[in-house]
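Visitor: Sharing a structure here in structure tokens format.
The values are calculated or read from the model by the stated rules, or taken from the named source; none is laboratory data. Note that the coordinates shown come from a computational prediction; the quantities given were computed from them, not determined experimentally. Counting neighbours? That spans all protein chains shown, and the Cβs are built from the backbone with ideal geometry, glycine included.
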Amino acid sequence: MREDWLDDISRLLLDPTSTETPDPQAESAVVALAAAAPRHWLRPSLRDELLASARRLDHPPAPETITRAASTLLDLNEEATLAVLSQARLTPPWPMHPAPGVDILPVRPGPARRRALCCLVRLVPGAVFPAHWHQGEETTFVLDGGFRDDDGALYWAGDDVTRTDAGPHQPRAVGVDPCVCLVVARGGVSFTTPDAPL
């Protein structure tokens, strides 16, 4: 017997077209249910996506892995990178607040990234970063928590994603913990609303 309710709830939580903000605790509960549910309760692709999310939540990357990846992305040595990462743990408010539950802290990168816009971004659970697009390449590296992009893809601590000028998107924090990302945008960022802070 197939339990369609679990499939329906899971699909709602992972639906990139949904305009509703999922309850972060419900989202975590569905991921846990998917891990415990019999195989035949969920279609295989949805089960695989939920189980991958559960594994990322249960086994976050080692701090050295995060530091090494952030160092490469920012073109900084380990000491300077650790200083940047320590800023990620500062209590908000950070200097910029483009939307409720969203804080931005500018970061000074190394010489190879000096023309890029580099910052830490923090989203409280369920918060949505304002719709924007890129005039170049944007790399987002997740330091803590996770987010879901408009295409439905989920990213957790240790994941990175590079986007190019492919139209606007609005990342949404998922899970029960704040999502903190290191973002390097080469070529600029444009927001769909004129009052955005960048």
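Visitor: Run residue 182 past the list (1) of a type in the set (A, V, I, L, M); (2) buried (at least 16 other Cβ atoms within 10 Å of the Cβ); (3) more than 20 Å from residue 65 (Cα to Cα) and report the number of the one that doesn't hold.
Guide: (3)
Visitor: When the range 181-191 is examined, which residues are found to be in a strand (DSSP E or B) and either of a type in the set (Gly, Ala, Ser) or free of Cβ contacts under 8 Å to residues at least 60 places away in the same chain (or both)?
Guide: Result: 185, 190.
Visitor: Moving on. Here's a check for you: in the range 71-84, which residue that is buried (at least 18 other Cβ atoms within 10 Å of the Cβ) and assigned to a helix (DSSP H, G or I) is modelled with the lowest pLDDT?
Guide: 84
Visitor: Could you check residue 100 against (1) surrounded by fewer than 19 Cβ atoms within 10 Å (Cβ to Cβ); (2) modelled with pLDDT of 90 or more; (3) touching a His at 6+ places or on another chain (Cβ under 8 Å) and say which number it fails?
Guide: Only one criterion in (1) surrounded by fewer than 19 Cβ atoms within 10 Å (Cβ to Cβ); (2) modelled with pLDDT of 90 or more; (3) touching a His at 6+ places or on another chain (Cβ under 8 Å) is unmet by residue 100, namely (3).
Visitor: Take residue 161 and tell me if it is surrounded by 14 or more Cβ atoms within 10 Å (Cβ to Cβ), closer than 14 Å to residue 185 by Cβ and modelled with pLDDT of 90 or more.
Guide: Numbers: surrounded by 14 or more Cβ atoms within 10 Å (Cβ to Cβ): yes; closer than 14 Å to residue 185 by Cβ: yes; modelled with pLDDT of 90 or more: yes.
It is true that residue 161 is surrounded by 14 or more Cβ atoms within 10 Å (Cβ to Cβ), closer than 14 Å to residue 185 by Cβ and modelled with pLDDT of 90 or more.
Visitor: Could you grab me the full set of residues in the range 85-133 that are closer than 27 Å to residue 192 by Cβ and part of a helix (DSSP H, G or I)?
Guide: Of the residues in the range 85-133, the ones closer than 27 Å to residue 192 by Cβ are 88, 92-107, 109, 113, 115-133.
The one that is closer than 27 Å to residue 192 by Cβ and part of a helix (DSSP H, G or I): 113.
Visitor: List every residue pair whose Cβ atoms lie under 6 Å apart, where the two residues are 6 or more positions apart in sequence or sit on different chains, the first residue falls within the range 90-108 and is more than 10 Å from residue 120 (Cα to Cα), and the second residue, located anywhere, is surrounded by 15 or more Cβ atoms within 10 Å (Cβ to Cβ) and small (Gly, Ala, Ser).
Guide: That search, which allows pairs on different chains as well, returns 98/196; 101/127; 102/127.
Visitor: With the requirement that a residue be farther than 20 Å from residue 118 by Cβ and touching a residue at least 60 places away in the same chain (Cβ under 8 Å), what does the range 158-172 give you?
Guide: 172
Visitor: Residue 178: more than 26 Å from residue 86 (Cα to Cα), free of Cβ contacts under 8 Å to residues at least 60 places away in the same chain and not small (Gly, Ala, Ser), yes or no?
Guide: In short, no.
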